[in-house]
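Read the structure below first, then the notes.
No value in this document is a laboratory result; all are computed from the given coordinates. Worth saying up front: this structure is predicted, and the values here are computed from it rather than measured. Positions of Cβ are generated from backbone atoms using ideal geometry, with glycine treated the same way; all protein chains shown enter the neighbour counts.
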Amino acid sequence: MTDVLIGVTLLLVAGAATAAVLNRDPVRQALVLSFLGLALALLFTFLQAPDVALSQLAVGSAVTPLMILLTVRTVRRRPGDGGDGRGTGGSDTGPRPRDRER
Amino acid sequence: MSARGRLGLFLVGAAAFAALFTAACFGLPSFGAEHHPYGERAVRAALGHHTANAIASVNFDLRAFDTLGEESILFAAVLGAVVLLRQTADERRTPPAPAAVHPPVRRFALLTLPVALLIGLYVIAHGQISPGGGFQGGVVAATALHLLYLAADYRALERIRPLALYEIGEAAGEFAYVVTGFAAVLAGSAFLANVLPLGTFATLSSGGTVIVLNAAVGVEVASGVVVLLARFLDQAVEIVLPDDGAGGGRDPGDDNSDDNSDGTDDGTDEEEPT
């Protein structure tokens, strides 16, 4: 029974990871990453590592995708914000690369 | 150093690592065998110190020094993110407009928030008995707080989240861990040794220093994640570059974003809240 569950979740993890790689849009990738975190948490649970599963669930499927989404939002907004998005005098505010996928 | 020299140095290091790693792998007990030498020793040590969760015993008792290093890595990482994401001189804050939230989303988030927060605190407190501990519970509690961002909007989250307090909390968690270690030295034992009374097996007060270190890590991780997400949210929601022509780099004295934004800048609400 446990072997079947481990096999199924392994397939789930492989599928989700492949989907994360094949997706080119960072927003979709973040969502797929969240699903991958969930699948990994299930796998760790079935492999009798509930401590790791808890960490994976919290960090992998909640905090990391959220941080990616917020970063994508900031990076995408900047160039279109003020014309060409030239920062004046800032040290790290060069023209940020606009994501061409969208 | 030339490219060829670098490659040579890398190959020497890689070859030495490969040889040592292979030798080490042959010294390991075979995978999935009947006999688990490390497991048996770890469980015996955990039971000897009245810690029901053997993983917590390994993390916070047998290898507490190792965990101190991991905690410090997180502390340094959050510190680095705070420095990188701080408000620069040519950026300004605009308070985000109130967001419209669908009632079902609001109800669900408000219902889940206290439950998730309680689960986080439970996981921290029961780290020595059941799976989990300071790190896991800390992340769950910190994430739970952000359900308010879903339920209401960013202003509501900022109101219940005095950021300065969480920054102090992060440092205090790290500090408490080190102090617990030195307390053991003062008690006449080694750094981070388990010197507290061990308590009754599988109760909330069992495990000696395990529960203290769990609490310290819980405070540090929860505060650290809150601070980290706050900086990311600040960048995504509040801090904007000035429009071109508005005189970039104005108000250079307002560069420190440690205080909560009170929106003293003229609030041109040019962005949608979520």
- Could you give me the percent of Cα pairs per 5 Å distance bin for the stretch B:182-247, shortest bin first, beginning at zero and ending with the bin that holds the maximum distance? 4, 14, 12, 13, 12, 9, 7, 7, 7, 5, 4, 3, 3, 1
- By count of other Cβ within 10 Å, fewest leading, how are B:Glu40, B:Glu158 ordered? B:Glu40, B:Glu158
- Task: Taking 7 Å along the Cα-to-C-beta vector as the label spot, tell me the A:Ala17-A:Thr2 distance in nanometres, rounded to one decimal.
- Result: 2.2
- With N set to the residue count of the stretch B:58-134, report its C-alpha Rg divided by 2.2 N^0.38 Å to two decimal places. 1.69
- Task: Report ³J(HN,Hα) in whole Hz for each residue of the stretch B:161-177, in order, from the Karplus equation J = 6.51 cos²θ - 1.76 cosθ + 1.60 where θ = phi - 60°; Gly and Pro get x.
- Result: 10, x, 4, 4, 5, 6, 5, 5, x, 5, 5, 5, x, 4, 4, 4, 4
- Sorted peptide list for B:75-83, B:209-217, criterion being average Cβ within 10 angstrom, highest first: B:209-217, B:75-83
- Query: Roughly how tilted is helix B:103-125, in degrees to the nearest 10 and between 0 and 90, from the longest Cα axis of chain B?
  - Reply: 30
- Item | Which of B:Asp61, A:Asp3, B:Asp66 has the fewest Cβ neighbours within 10 Å, and the rest in rising order | A:Asp3, B:Asp66, B:Asp61
- Calculated Rg and Dmax of chain B using C-alpha coordinates, Å: 24.2, 73
- Message: Spelling out what I want: for every residue of the stretch B:38-49, take phi, set θ = phi - 60°, compute 6.51 cos²θ - 1.76 cosθ + 1.60 (Karplus), and round to whole Hz; glycine and proline get x.
- Response: 5, x, 5, 5, 5, 5, 4, 5, 5, 5, x, 9
- Item | the stretch B:145-193 and the stretch A:1-33: distance between their alpha carbon centers, rounded to Å | 34
- Task: Work out the mean other chain Cβ neighbour count within 10 Å for the residues of B:234-240 and drop it here as an integer.
- Result: 4
- Query: Taking other Cβ within 10 Å of each residue's Cβ, how do B:Ile73, A:Ile68 sort, fewest first?
  - Reply: B:Ile73, A:Ile68
- Report the calculated FRET efficiency for B:Leu20 and B:Arg106 (r = Cβ-Cβ distance, R0 = 45 Å), to the nearest 0.05. 0.20
- Note on the structure: Largest first and rounded to whole Å, the semi-axes √(5λ) derived from the alpha carbon gyration tensor of the stretch B:98-147 read 27, 10, 6
- What average count of beta carbons from other chains do you get within 10 Å of the Cβ of residues in B:141-147? 2
